[in-house]
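Trainee: Starting off with a structure, shown below.
The values are calculated or read from the model by the stated rules, or taken from the named source; none is laboratory data. For clarity, every value in this text was computed on a predicted model and none was experimentally measured. Note that each Cβ is placed from the backbone with ideal geometry, even for glycine, and that neighbours are counted across all protein chains shown.
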Amino acid sequence: MPLSLLDFHTKPAIIASTTWRSRLSCIPTIHLQESLVSSLSTCLTRSLSSAFAGPVAIHPLPTYQLPFGDFPLTLADPTFLALFGTDSGQLALEISPRLAYLILEELLGRSPGNPPFIPARPFTEFESRLLAPILEQLVGDLSSTCSEQLGTLRLDGLHANPSALHLAPPNEPVTVASFDVYIGRQTGRLTFCLPLSLTSDLPISDDHPVSLRALIAQTTLTLQELSILQPGDIVTTQTPAGTHVMLLSAHHLLRGELVHYLNKRAVRITTF
């Protein structure tokens, strides 16, 4: 049974929140239209390559949805947030502090290979002005490359406090698309937050692939119990034998039962 990991590297303490963990179980993992993710990767590579002498690699991460009110909790505070306006609404881009200071130290002649120093304070006006040309180039690249999906973009403002964002009502779902940026041996992260007004009209063909996950059972182990597991051990769960299997997709929840079909494991749908 595959496991999906959600990286909270910017604020690990969130994982300790029982309320947050319970919300995660309701958040569907979605697949943004592949052409949009590819376009975003192309734009980011072009824009960031202008700031670095060496090669820049962009790796897209799985997209996911969550209520907008929870999105600021996944970000560092303070951080570097750019607000972009479109004809259909606004979207936000977070440049993680680690990546922002990598860019700044590169612009100021940092020593190659050294991790950046990240002060525990908002970005100064001088630092924001140094980052502004990269944002302006990114706006131009996004407007030209992603015009069919996002339209023409403009830079509406900069924020350091995630709670200052007001892209959507707190309970409205937003799409989060993150990209790991590799600059030599250093890494940072860029995160887009796309409100429903920007993603609901994205064209998706009938033959668009949809990922289904079969949830058979769940249990909880301590780290010590997990570390001593050996081949042949049996992990028990609280799910009674014969309980329906849940099939999860981004938009549907189906129930069924495990069967064998053509010598393969399968699920016979019983209820929607």
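Trainee: Just checking, does the stretch 222-240 include any residue being surrounded by 13 or more Cβ atoms within 10 Å (Cβ to Cβ) and modelled with pLDDT under 80? Before you say what the answer is, go through the steps one by one.
Mentor: Within the stretch 222-240, the subset surrounded by 13 or more Cβ atoms within 10 Å (Cβ to Cβ) is 239.
Applying the additional criterion that residues be modelled with pLDDT under 80 yields 239.
For the stretch 222-240, residues surrounded by 13 or more Cβ atoms within 10 Å (Cβ to Cβ) and modelled with pLDDT under 80: present.
Trainee: Given the criterion at pLDDT 85 or above, surrounded by 13 or more Cβ atoms within 10 Å (Cβ to Cβ) and more than 30 Å from Glu106 (Cα to Cα), identify the matching residue among Leu167, Leu194.
Mentor: Working: Leu194 fails: more than 30 Å from Glu106 (Cα to Cα).
Criteria check complete, one pass: Leu167.
Trainee: Let me ask something else. Are there any pairs, at least 6 apart or on different chains, whose C-beta atoms fall under 9 Å, with the first in the stretch 227-246 and over 10 Å from Ala217 (Cβ atoms) and the second of a type in the set (Val, Ile, Thr) and exposed (fewer than 10 other Cβ atoms within 10 Å of the Cβ), and if so, which?
Mentor: From the stretch 227-246, the pairs are His244/Thr271.
Trainee: Turning to a different aspect of this structure: Could you say which residue among Leu83, Leu99, Leu93 is out of contact with any Phe, Trp or Tyr (no Cβ under 6 Å at 6 or more places or on another chain), in a strand (DSSP E or B) and touching a residue at least 24 places away in the same chain (Cβ under 8 Å)? Steps first, please.
Mentor: Values: Leu99 fails: in a strand (DSSP E or B); Leu93 fails: out of contact with any Phe, Trp or Tyr (no Cβ under 6 Å at 6 or more places or on another chain).
Leu83 is the lone residue from the list that is out of contact with any Phe, Trp or Tyr (no Cβ under 6 Å at 6 or more places or on another chain), in a strand (DSSP E or B) and touching a residue at least 24 places away in the same chain (Cβ under 8 Å).
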